[in-house]
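*Asks:* Okay, here's the structure, questions in a sec.
None of the figures in this text is laboratory data; all of them are computed from the coordinates on show. Please read these numbers as outputs of a predicted model, since none were measured by experiment. Positions of Cβ are backbone-derived with ideal geometry, glycine not excepted, and every protein chain shown enters the neighbour counts.
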Amino acid sequence: MSASPAFELNHGTLEANRRFAEIAEPLSELSPIDSEESFNHYCREACRLWAGHFRNPIGRTSEQFTNLLAQIERRSQQVIKTDWGGVVVTRHEHPQVEKWIVMEQGAYLALEMHEQKDERLAVKEGAGLILWRRMADQPLAVQALLPGDEFHLEPGKEHCLIATENLLVFERSLDPKGLDQDVIFIYEPDGAE
């Protein structure tokens with residue numbers, strides 16, 4: 001049986017920002033992520049530390065978040081309901097995909113990567129954290145997600161979104177294998193609260 005992949009985490013960007021430095025230190029003590037258990041512990045602890053540090057939300061959500069979440073609950077067309085909220089697909093003209101990622105506070109996505117899919121994420125509302133590999137052979141960077149932030153996730157780059165608050169992200173991607181067919185899960189949420 002092969003060993004689980006290990007991911008060192010770089011909290012430098014969080015540490016450099018006075019607003020987030022207090023949560024960066026205890027999070028850095030949880031590095032590396034090297035198992036499903038350590039991944040889930042890290043994500044839950046990130047949400048707990050954030051909620052303890054920011055007594056009031058720092059990222060607001062609007063009626064758009066509420067309406068998209070309601071659309072997901074109704075399971076209308078072009079909707080994918082998940083344990084963490086869901087996805088509303090607004091455009092799918094193979095290989096181009098545009099969709100809303102609607103995440104409820106305390107939820108997080110799998111640590112994943114794609115072989116061919118190229119993603120561009122734009123944070124529209126709310127707040128959270130992203131774990132992502134900027135360049136090969138570097139630790140996963142941990143950064144705050146705030147409205148206006150944008151990320152380019154190239155094929156082969158590991159990433160995970162953590163909704164420390166309600167979070168609304170718009171994704172534009174080129175997905176040559178087909179909608180959600182190119183996902184390699186490294187570590188998945190265990191569903192525990």
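*Asks:* What translational D, rounded to a whole number of µm²/s, comes out for segment 9-187 from Stokes-Einstein when the hydrodynamic radius is the Kirkwood one over Cα pairs, at 37 °C and 0.692 mPa s?
*Replies:* Approximately 199 µm²/s, per Stokes-Einstein.
*Asks:* What order do you get for Cys47, Cys160 when you list them from fewest to most C-beta neighbours inside 10 Å?
*Replies:* By the 10 Å Cβ count, ascending: Cys47, Cys160.
*Asks:* Assuming R0 = 25 Å, what is the FRET efficiency of Lys81 and Leu174, from their Cβ-Cβ distance, to the nearest 0.05?
*Replies:* 0.50
*Asks:* If packing is taken as the average number of other Cβ atoms within 10 Å across a peptide's residues, how do 89-96, 57-64 rank, most packed first? Can you show the working numbers first?
*Replies:* Numbers: 89-96: 12.2, 57-64: 14.4.
For the peptides 89-96, 57-64, the packing ranking is 57-64, 89-96.
*Asks:* At a Förster radius of 22 Å, what calculated FRET efficiency corresponds to the Cβ-Cβ distance of Phe185 and Ala51, to the nearest 0.05?
*Replies:* My answer for the efficiency is 0.25.
*Asks:* Assign unit charges at the C-beta atoms only (+1 for Lys and Arg, -1 for Asp and Glu), then state the dipole size of the chain relative to its Cα centre in Debye, rounded to the nearest 20.
*Replies:* Values: 19 positive and 33 negative charges, 142 e Å.
About 680 debye.
*Asks:* What is the sum of charges, Lys and Arg at +1 and Asp and Glu at -1, for the other residues whose Cβ falls under 12 Å from the Cβ of Ile23?
*Replies:* On the way: positive: Arg18, Arg19, Arg48; negative: Glu15, Glu22, Glu25, Glu29, Glu45.
In short, -2.
*Asks:* Something else now. Using the basic label-point model (7 angstrom from Cα toward the beta carbon), what is the Glu73 to Glu93 distance in nanometres?
*Replies:* In this crude label model, Glu73 to Glu93 measures out at 3.4 nm.
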